[in-house]
Structure formats: structure tokens, C-alpha cells
Amino acid sequence: MSTQALPSRTVERTPVPPVRSTAPSRPRAPRAWASKAAVNTVLVMLALYTLMPISWLLIAATKNRRDLFATNGFQFGEFNLFSNIHEVFTHNDGIYGRWLLNTVVYAVVGSALSSLVSVAAGYAFDKYAFAGKEKLFGVVLAGVLVPGAVLTLPMYLLASKAGLTNTYWALLIPSLVNPFGVYLARVFSEGYVPYEVIEAARVDGSGEVRTFRRIALPMLAPGFMTLFLFSFTASWNNFYGALIMLNDKNLYPVSLGLHMWNVSTTESPEMYSLAITGSLIAVIPLVIAFLCLQRFWRSGLTAGAVK
């Protein structure tokens, strides 16, 4: 048997010239520029529409009472901001500071407890199997569809029966229930906490409460901060619930207190300056909270959106 290799055949291929399209090229650059210009114009208009109220509030808070009505709304007058702030915090024995402190208690304590309850409930719906789980979760989701204003009167009647009206608990206890937070927490738990980690903790002898507190809760920190910001904003701006539940001025949150000042302007026009400056001060904690926690908020929303 011959071991000599057969000569390989060489196939000559004729080079194919590149095919050039005969269609006329589209003028993409002008169309892209027009599209960007239109989008930027709409964004600038939306930004101006959004910033216009806060700009008016900031300028009005710097005016004295005479310039507040004598000048244009977006025109600066005599700078009187620090005097207005001093008057806000000294009016009626410093009641505004009491309202601000009450709002911090309602918003921070209520939001922290509400977020913890929502994260625990969402974790339980995700990681545990029990009878009627999906039906119960459907009931929770149905609570998202019910407007909060509809539940205010029934909650007032329940609080009145329990003797909780006109107390801090009248606003703190209803804030613990957050169906939308439970839904978001379940989504966060599916994305952040793998089953393998929970099983490994169980194999090592960790109990269920310890596993949630030491392992799952730190992994759910971005989701917790997202729920905290949502709940903090809702609690800080809660006006209708406080109007129904509270009668004592010393228990008012700042939103209800500013409303009372605004109502009294019909009889006392000098209260306009207090209501405007107090509104500007009430916005500042929300801005600080979003600037400090937006990193957790954005990461939490992104993780919750991708499964």
C-alpha cells in the first residue's frame, strides 16, 4: 500500500468585486439632530414646569411682607430670609419646631417599621410554602388597588373604638400596612436572596429568624432603602390622615400645621410669610433624604425590575 500523498487540487477562485449600493444615502445627520433637539426641548420644558413652583417658593421666602404682594412672583425684593426663618421658629412659642419634630417621628419611625414589616412579609411569601399562599398574596395585591382616602374613615372609626385617636399611634399604626411594599419586597427577595444561601444556613443550624436577620436582611438592604424612601415621602406628605385623626395642635405634623396657618391668612394676612417660609423649610428634609439615599434607591429599583 503506497504511503505517498496525493497532490492536492488547487481551486482558482475569481475575486468578486464588492457590490455597491446604487440607492441614494439617507440624510441621517439632520434627522438625528432634529430628533435630539425635539427631545431636549421637551425635557427643558418639563424641567421648567417642575422647577417653577419651587423657584417661586424660594424667591417668595426671601421677601418681606410688603414685597411679597408688591413685586412679581419671580422677582426678588428686599432679602429677608433669615428674619422670616426666625419668625417661623418663634411664632406661638415655637410650635413649628414641634410640628417638624412630630413629622420626623411619623416619617422616620413609621417608615422604618413599615419597611421592615414589608420586607419580612415579602421574604416569607417568596421563600416559604404554605397553604393558600398565592391566594393570600392576591388579597395583598388587591389592597394596592384601594385608594388610601377610602380607608381613612374606617380607620378613624377603628381608632376611635380603640381609643387611639389624637395620639401618635393614630398615624403610626396605619403606616405599618403597605401592600405595594410587600409586593416589591417579594420581587426584591426573588432577585437578591438565592435559595442556596438559605439552605446552606439551615444546614449549618441557623434558625429561621436568625437566617432572616443575619443573612437575608443585609442582602435585601437596597430593597429596604427603596421601600423606606417611598414610605418616608408618603408619611412626610400625609395630610388627610392627620386631619382626620388629630385635634391637638401639639401632635400635628408640619403639613397639617402649615394648612392651619394658610387657612388663618384670610383673617391675618401676615401669616402668608410664615406659611411660605415654613413650606420651604418643610421641603428641605425630603431633598436631603433623596440626595443621600438615591444610590440605594436606584440600585433597588434596577434589581427589582430584572428577574
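The values are calculated or read from the model by the stated rules, or taken from the named source; none is laboratory data. In this text the structure is predicted, and so the values were computed from the model without any measurement. Note that we place each Cβ from the backbone using ideal geometry, even for glycine, and neighbour counts take in every protein chain shown. Note: accessible area is taken over every heavy atom of the protein model, side chains too, but ligands, DNA and RNA are not part of it. Shrake-Rupley method; radii C 1.70, N 1.55, O 1.52, S 1.80 Å.
When residues of the stretch 26-65 are filtered for being open to solvent by 70 Å² or more (accessible area, probe 1.4 Å), out of contact with any Gly (no Cβ under 8 Å at 6 or more places or on another chain) and part of a helix (DSSP H, G or I), how many remain? Don't jump to the end; show me each part of the working.
Keep residues of the stretch 26-65 that are open to solvent by 70 Å² or more (accessible area, probe 1.4 Å), which gives 26-31, 33, 36, 39-46, 48-53, 56, 58, 65.
Narrowing further to those that are out of contact with any Gly (no Cβ under 8 Å at 6 or more places or on another chain): 26-31, 33, 36, 39-46, 48-53, 58, 65.
In the following step, the residues that additionally are part of a helix (DSSP H, G or I) were identified as 28-31, 33, 36, 39-46, 48-53, 58, 65.
Here the count works out to 22.
Is it the case that Ala129 is outside any helix (DSSP H, G or I) and farther than 30 Å from Ile281 by Cα? Outline the logic, then answer.
On the way: outside any helix (DSSP H, G or I): yes; farther than 30 Å from Ile281 by Cα: yes.
Judged against the criteria, Ala129 is a match.
Any chance the stretch 117-127 includes a residue that's modelled with pLDDT of 90 or more and open to solvent by 60 Å² or more (accessible area, probe 1.4 Å)? Please lay out each step first, then the result.
Of all residues in the stretch 117-127, those modelled with pLDDT of 90 or more come to 117-127.
Cutting the leftovers down to open to solvent by 60 Å² or more (accessible area, probe 1.4 Å) gives us 117.
Within the stretch 117-127 (the criterion being modelled with pLDDT of 90 or more and open to solvent by 60 Å² or more (accessible area, probe 1.4 Å)), the answer is yes, since at least one residue qualifies.
Among the residues of the stretch 165-189, count how many are open to solvent by less than 50 Å² (accessible area, probe 1.4 Å) and either touching a strand residue (DSSP E or B) at 6+ places or on another chain (Cβ under 7 Å) or not in a helix (DSSP H, G or I) (or both).
3
Can you pull out the residues in the stretch 65-86 that are farther than 26 Å from Gly97 by Cα and under 31 Å from the mean Cα position of the chain (by Cα)?
If the condition is that a residue be farther than 26 Å from Gly97 by Cα and under 31 Å from the mean Cα position of the chain (by Cα), then Gly73, Phe74 are the ones that fit.
If you check Thr277 against the conditions, is it assigned to a helix (DSSP H, G or I), modelled with pLDDT of 90 or more, closer than 25 Å to Leu57 by Cβ and open to solvent by less than 20 Å² (accessible area, probe 1.4 Å)?
When the stated conditions are applied, Thr277 passes them.
Within the stretch 147-157, is even one residue in a loop (DSSP other than H, G, I, E, B), under 29 Å from Phe290 (Cα atoms) and not hydrophobic (A, V, I, L, M, F, W, C)? Give the derivation first.
Our first condition is that a residue be in a loop (DSSP other than H, G, I, E, B); within the stretch 147-157, this holds for 147.
Within this subset, residues satisfying the condition of being under 29 Å from Phe290 (Cα atoms) are 147.
Of the ones still in play, those that are also not hydrophobic (A, V, I, L, M, F, W, C) are 147.
Yes.
Regarding the stretch 146-164, can at least one residue be identified that is open to solvent by 30 Å² or more (accessible area, probe 1.4 Å) and either polar (S, T, N, Q) or farther than 30 Å from Asn247 by Cβ (or both)? Explain how you work it out, then say what you get.
We begin by selecting, within the stretch 146-164, every residue open to solvent by 30 Å² or more (accessible area, probe 1.4 Å); these are 146-151, 153-158, 160-164.
Restricting the remaining residues to those that are either polar (S, T, N, Q) or farther than 30 Å from Asn247 by Cβ (or both) gives 160.
Yes, the stretch 146-164 has at least one match.
From the list Val108, Val139, which residue is among the aliphatic types (A, V, I, L, M) and touching a residue at least 40 places away in the same chain (Cβ under 8 Å)? Steps first, answer last, please.
Numbers: Val139 fails: touching a residue at least 40 places away in the same chain (Cβ under 8 Å).
From the options Val108, Val139, the qualifying one is Val108.
So which of Phe69, Phe79, Phe89 is outside any helix (DSSP H, G or I) and either open to solvent by 100 Å² or more (accessible area, probe 1.4 Å) or out of contact with any Cys (no Cβ under 7 Å at 6 or more places or on another chain) (or both)?
After applying the criteria, what remains is Phe79.
Failed condition for Ala200, given (1) open to solvent by less than 60 Å² (accessible area, probe 1.4 Å); (2) touching a helix residue (DSSP H, G or I) at 6+ places or on another chain (Cβ under 7 Å); (3) at pLDDT 90 or above, with all others met?
Evaluating Ala200 over (1) open to solvent by less than 60 Å² (accessible area, probe 1.4 Å); (2) touching a helix residue (DSSP H, G or I) at 6+ places or on another chain (Cβ under 7 Å); (3) at pLDDT 90 or above leaves (2) as the failure.
Testing Val140 on (1) part of a helix (DSSP H, G or I); (2) within 19 Å of Ser235 (Cβ to Cβ), one condition comes back false. Which one is that?
Checking Val140 against (1) part of a helix (DSSP H, G or I); (2) within 19 Å of Ser235 (Cβ to Cβ), the one that fails is (2).
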